[in-house]
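No value in this document is a laboratory result; all are computed from the given coordinates. Since the model is a prediction, treat every value here as computed from it, not as a measurement. Here Cβ is always computed from backbone atoms with ideal geometry, including for glycine, and neighbour counts include all displayed protein chains.
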Amino acid sequence: MSLNLEQAFQEASIPTLLMCLVQLTGDESWLSESYLPKRDTNLFADESGGISESAQQQIRDALATVLGEISDGKREILSPPNTELFTKMMSLCVAEEVAPEYAPMMMEAMGLTQRDVSWTKISAASSETLKNFTVLIIGAGFSGICAAIKLDQLQIRWEMADANAEIGGTWLVNDYPEAGVDTPNHFYSFTFAPNHRWPKYFSKRLDVLNYCKSVAEKFKIADRISLSTEVVSTTWDEASQKWKVVLRDQHGQLRESHANVVISGVGQLNRPKKSFIKGLESFTGPCFHSAQWRHDVDLAGKRVAIIGTGASAMQILRTVASQASEVTIFQRSPQWVRPSNDYHRDVKPQTMWLFENVPFYFDWYRFGLFWRFGDGLLPTLRRDETWPHLQRSMNLRNDKHRMQLTEYLLEQLDGRADLVDKTLPDYPPYGKRILVDNDWYKTLMRDNVELVASGVDHIDGNQIVALDGSSRQADVIILATGFVAGKMLVHIKV
C-alpha cells in the first residue's frame, strides 16, 4: 500500500487530505494556523491550498501513519464529528465562512447522517393504502431515475414513461461533438451512487450516459421503464382523487393509466429553440439544431454557420472548425468564459486510488467542488449598492472575478484587438450562465473562423443576414440557439 499511497499523495488536494486526517483522528491540533489552507480568490483553487511544503509533507506523513494503523487493525474509524466541529472543518477546508445551516445537507451528502424519509410504522389500513398507491414518473433521465429509486425505498409503486428508446434523458438526445458536462462530474452525480472512476474531471456525454444507465441497473429499475412511450395528457379526476394519464406507444397505440401522483422529470434541455429565425425554411442546405445533430452531414470543405455562442457552441466549435473550410459564428451577445486546468485533463490512477481507498477523501473533495461551483459563488452575485462600479460588476468580489476573466481573455487573444472588442462582455460575471473554455479563444484565432458580433435578422436562401446588415453565405447551418426551457410541459395536455 505504501508505494501507491506515496504516489497518490503527490497528486492529492492537501486541504482534502487535511480534512480526512482530522476526521479520522479527531485531533483538532491539525486545525492550527500553520496547516490551514489560505484564502484563494482564483476561480479554481490551488491543490496545495497555499500551505507550506513542510506542512504539506507533515499532513501526508501523519495520514499515511493513520491509514496504516487502520489497515493493521490498530485504529478504528471514529464516529462522525459533531455539527460544531463539522461546520468548523467546512469553513477551514475552503478558507472562508460556511454557515452552520450547510452542515446537515453536507453531512447527509457524505453519508455521515441519514435524512432519507422512511416509514416508522405501517398499520393494516396504511398497508392497504400503500398497496393501492401509484406514482407516474414522466422522463427517464437523472430526475426520473432518482425519483424511482427513492420511491422503491418507500415501497411505493411507480410507473415510468419516456418517449425515447433508451434511458438517459438529455445525455441520450444531445449527441453533438464534444457534448459533455461543464460542472465537474464528481459533483455532477448522485450522492447515493458515487463514481470513483470517472475517466475525466469533465467527462463527455457517453461516460455520463453510461453512468446514468449503470445507476438504473444497480438499483434494479432499468427493466421496469416504459420506453418509446409518450405521455399525451394528464387529467385530474376529483371523484377518484387520481390522475387519468393517456400514453402513446411507438406504434401510435393509446392506453390509459391511473396514478395518485404524477412527477414530471421531463427536463429542460431537449426541445430546441429554432422557430424564431425568419426565413429559415428558405435555406437550401442542411440545417439542424445542436441537439438534433446530423451525423450524416459531412462538414469537410463546407462553409458552416453556427448561430449562437452558448454552452453547446462552446463545445462544438473546435471540432467544426477542424473539419469545415470556413466557419462563421453569429454572436448576439458575448459570454464570460472561465479557464479550467481540469477541463481536458484525465483523472490519474493515483487520484482514483485516493477516491477508493482513503476514507472520506472523495466526500471532502466533492464538498470543495460544491462550494466553488455552487453556493461559494453567492457572495460574488449579491448587488452591493455602495459599490461604485455597478455597471461592470456587482461588488468587490465580483469585480475580482471580472479582472481574472478579462486577464485570461486578453492573454488568449493576444494580438487580436478586433476579437477582444467582440468577445469582452459589458455585463457583470455570472449575469448569464458562465462557460468553461473548450479552446474557444484559440479556435476564434484560426484563419478559417470568423466571429460576427451580431445576431441573425433573417435567412434568404443560402444567405444569412445579420442584424447589422452584413451577410454571409453558408452551405450548412448549425443552430446552437438553446432550448425552450420555460415550456417544459408544452407537449403534454395537463
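What the table below lists for this structure:
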item	result
DSSP beta bridges in the chain [antiparallel fraction, %, rounded to 5]	45 percent
Helix runs (DSSP H) in the chain reaching 15 Å along axis by Cα, Kyte-Doolittle at least 0.0	14-25, 83-94, 142-153, 311-323
Computed helical MRE - 222 nm, the chain, DSSP H runs ≥ 4 contributing -39500 (n - 2.57), nearest 500	-10000 deg cm²/dmol
Sequence ranges 339-346, 446-453, 325-332, 103-110, ranked by mean other-Cβ count within 10 angstrom, highest first	325-332, 103-110, 446-453, 339-346
Listed peptides 301-309, 128-136 by packing density, highest first (mean Cβ within 10 Å)	301-309, 128-136
Sum of side-chain charges, Thr65 neighbourhood, beta-carbon under 14 Å (Lys, Arg +1; Asp, Glu -1)	-2
The range 204-284 - percent relative contact order, Cα under 8 Å, separation 6 or more	16 percent
Three-way shape call for the range 401-494 based on the alpha-carbon gyration tensor, with the a/c threshold at 1.5	oblate
Burial ranking of peptide ranges 227-239, 259-271 (average Cβ count within 10 Å, highest at the top)	259-271, 227-239
Loop-located GluC sites (Glu not before Pro) in the range 352-424 whose Cβ has at most 16 other Cβ within 10 Å (DSSP)	Glu385
Part-to-part distance (alpha-carbon centres) for the range 254-328 and the range 415-439, which is given in Å	23 Å
Likely footprinting exposure, Arg382, Arg318, fewest C-beta neighbours within 10 Å first	Arg382, Arg318
The chain, relative contact order [Cα under 8 Å, separation at least 6], %	18 percent
Karplus (6.51, -1.76, 1.60) ³J(HN,Hα), θ = phi - 60°, over the range 415-420, in Hz, Gly and Pro reported as x	x, 10, 4, 4, 6, 4
Three-way shape call for the chain based on the alpha-carbon gyration tensor, with the a/c threshold at 1.5	oblate
Between the range 125-173 and the range 349-373, the Cα center-to-center distance that results, in Å	30 Å
